[in-house]
Amino acid sequence: AQSVTQPDIHITVSEGASLELRCNYSYGATPYLFWYVQSPGQGLQLLLKYFSGDTLVQGIKGFEAEFKRSQSSFNLRKPSVHWSDAAEYFCAVGVFGTGTASKLTFGTGTRLQVTL
Amino acid sequence: DAEITQSPRHKITETGRQVTLACHQTWNHNNMFWYRQDLGHGLRLIHYSYGVQDTNKGEVSDGYSVSRSNTEDLPLTLESAASSQTSVYFCASSDLAGGHEQYFGPGTRLTVT
């Protein structure tokens, strides 16, 4: 069965500093990988996704992630964090069934705090 | 604009009562999912559906049921609510055309006393 590990439960960075959130996955085949963001009291919003092709993926809000097959990782990065980036971030791996559907397995999340 | 809505947003119920949480999407997506979110566990899949009349169990399906009579709705029923089912519940939908991106509702906070 597939699994996702986000080793950092909580990270604090200063506004303007760079950010890297770690994600490691376990899946027997080529994974479909996602990063979602959840603001307090809200649902989840997709930041970016990797299906195939270029291993460096650009997303919304200035985020990017790099797929490294050899390390089974899909780390999320941002060169300069803004106070509005404070939220919880979830990595997920997609498992595709027959036909068109995909189930997602989520990591436990990383809470990002941004200090001014 | 297309959206996915959940109701109620907050619910308090007593142990043993039947509770139904509504999920409605106007994306016209075939696939719908129910998750629960608990501290330290992230999101865990309860049930999912690939289309009308199709339902499947997820990893934490005990005590929950769903039915899919149309494309837009996937209600989640707790047959006999237990304190362990106190959680935040999220509904999501997706389809192939959207690259399997799941669109999430705002969530329902359920407290079982």
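The values are calculated or read from the model by the stated rules, or taken from the named source; none is laboratory data. None of the values given here were measured: they were computed from a predicted structure. Here Cβ is always computed from backbone atoms with ideal geometry, including for glycine, and neighbour counts include all displayed protein chains.
General observations
- The condition of being of a type outside the set (Val, Ile, Thr) and more than 18 Å from A:GLY41 (Cα to Cα) holds for only one of B:SER87, B:SER7, B:SER94, that being B:SER94.
- Given (1) out of contact with any Leu (no Cβ under 9 Å at 6 or more places or on another chain); (2) touching a residue at least 24 places away in the same chain (Cβ under 8 Å); (3) more than 9 Å from every other protein chain (Cβ to nearest Cβ), index of the condition B:ASP1 fails: (2)
- The condition of being surrounded by fewer than 18 Cβ atoms within 10 Å (Cβ to Cβ), over 27 Å from A:GLN2 (Cβ atoms), hydroxyl-bearing (Ser, Thr, Tyr) and in contact (Cβ under 8 Å) with a residue 60 or more places away in the chain does not hold for B:THR26.
- Failed condition for B:THR77, given (1) modelled with pLDDT under 95; (2) under 11 Å from the mean Cα position of the chain (by Cα); (3) farther than 21 Å from A:LEU44 by Cα: (1)
- Exactly one residue among B:TYR64, B:TYR89, B:TYR35 is closer than 18 Å to A:GLY94 by Cβ and of a type in the set (Phe, Trp, Tyr), and that residue is B:TYR35.
- Test: residue in the stretch A:33-56 that is more than 14 Å from chain B (Cβ to nearest Cβ) and either within 23 Å of B:ALA92 (Cβ to Cβ) or in contact with a helix residue (DSSP H, G or I) (Cβ under 9 Å, 6 or more places away or on another chain) (or both): yes
- Scanning the stretch B:52-73 for residues that are free of Cβ contacts under 8 Å to residues at least 12 places away in the same chain and not polar (S, T, N, Q) yields B:LYS57, B:ASP62.
Yes/no per residue for (1) closer than 26 Å to B:THR108 by Cα; (2) of a type in the set (Lys, Arg); (3) modelled with pLDDT under 95; (4) in contact with a Gly (Cβ under 9 Å, 6 or more places away or on another chain):
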site	(1), (2), (3), (4)
A:ARG22	no, yes, no, no
A:GLN42	yes, no, yes, yes
A:TYR50	no, no, yes, no
A:GLY53	no, no, yes, no
A:GLU64	no, no, no, no
A:SER70	no, no, yes, no
A:LEU76	no, no, no, yes
A:TYR89	yes, no, no, yes
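- Of the criteria (1) away from every other protein chain (no Cβ under 13 Å); (2) of a type in the set (S, T, N, Q); (3) closer than 23 Å to A:ALA1 by Cβ, which one A:SER84 fails: (3)
- Qualifying residue in the stretch B:7-18 (condition: touching a residue at least 24 places away in the same chain (Cβ under 8 Å), touching a helix residue (DSSP H, G or I) at 6+ places or on another chain (Cβ under 7 Å), more than 9 Å from chain A (Cβ to nearest Cβ) and not in a strand (DSSP E or B)): yes
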